[in-house]
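One structure is given here, and the rest of the page talks about it.
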Amino acid sequence: MKKIKYTLLGLLGIFGSILFWGLLEPYLIDTEEEVAEIPNLPTAWEGQRVAVIADWQIGMWMGNTSTIRRIVEQLIEDRPALVLIAGDFIYDPGEDPSEEINKAVEIVRSLPLAGIPTYAVLGNHDYAMKKKQAPPNEQLAAKLHEALEAVDVQVLQNEAVVIAPSENRNQTAANTTDNTPLYLVGIGAHWPNHDKPKVALAPVPEGAPRLVMMHNPNSFEALPPNTAPLAVAGHTHGGQFRLPFTPEWSWMTFVKEDEVHADGWIKRYGQSGNRLYVNRGIGFSIVPIRLNCPPEVTVFTLRSSV
């Protein structure tokens, strides 16, 4: 009887420790430093740093808004050349989304105010879609889009823009006569069927250097070969709960019917010449716990490919 009692107490202790860590981990910040090689990269962009964040999920119960604020403050201090936000600013806006939208805008506006060019795409939650089968709330997405644009966060919906190099570039880059433009391609949200990769790529000349961002990694498959040397996405939260030392094993592995592309560089996926990196995001889905899957800021150093 004592053995059973101690076993149960031991299991309870283990469960309590896991729960405690799962509640603590969302407030830790993991900055992943990566190198991205871009064919024909303009000299002025050589060595420049591009930061990617995703999945704020503002409005989630016990949402870790404080972590989002700390990450934005960290980015302002680090001053990357560019910040990309891969969708899902809000989680469950209810009948009146004003509070969630205003909170997201109040946080993100600090980046352009600090002189850091900031671009975004929208995600499924920005259309109030918790499930693929849910009808998209186009009015909600339009309100969020408008509010972000009002604070100089440019929201891309199946379009491409030319992005200027940072004024903080090194002296060699500053003196270059290389005027080759670098394009940023933003793809619309996948669940409401707004992702049109080929439309987004249409304005980009063949062979021109580009970065591609989207919310859902599933949009990546439709990109033609050699059109996305660096594509970034969010959506998955990295699985949110993962077994230690085995990042490929998460709850998503067991509940998703389709192929899971949880986080990091996704190998053997998409067309030749294209590379996808999936950011783990900051917020949550369903429960406010992360386990072996801390919030992520990804910082890419751009290099010209040989």
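The values are calculated or read from the model by the stated rules, or taken from the named source; none is laboratory data. Only a predicted model underlies this, so the values are computations on that prediction, with no experimental measurement involved. Please note: Cβ atoms are built from the backbone with ideal geometry, for glycine as well, and neighbour counts cover all protein chains shown.
See the values below:
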quantity	calculated
Qualifying residues in region 195-226 (those that are surrounded by 23 or more Cβ atoms within 10 Å (Cβ to Cβ) and among the polar types (S, T, N, Q)) - the one farthest from Glu159 (Cα to Cα)	Asn216
Complete set of residues in region 210-233 that are of a type in the set (Val, Ile, Thr) and within 13 Å of the chain's Cα centre (by Cα)	Val212, Val232
Hits in region 144-159 - residues which are assigned to a helix (DSSP H, G or I) and either within 17 Å of the chain's Cα centre (by Cα) or crowded, with 17+ Cβ neighbours inside 10 Å (or both)	Leu144, His145, Ala147, Leu148
Breaking point among (1) outside any loop (DSSP other than H, G, I, E, B); (2) among the charged types (D, E, K, R); (3) modelled with pLDDT of 75 or more; (4) over 16 Å from the mean Cα position of the chain (by Cα), for Lys5	(3)
Residues satisfying the stated conditions in region 107-165, i.e. of a type in the set (Val, Ile, Thr) and in contact with a Lys or Arg (Cβ under 8 Å, 6 or more places away or on another chain)	Ile107, Ile116, Val151, Val153
Qualifying residue in region 160-173 (condition: modelled with pLDDT of 95 or more, more than 17 Å from Arg49 (Cα to Cα) and either of a type outside the set (Gly, Ala, Ser) or buried (at least 16 other Cβ atoms within 10 Å of the Cβ) (or both))	yes
Condition broken by Pro97, with the remaining ones in (1) buried (at least 21 other Cβ atoms within 10 Å of the Cβ); (2) within 20 Å of Met214 (Cα to Cα) satisfied	(2)
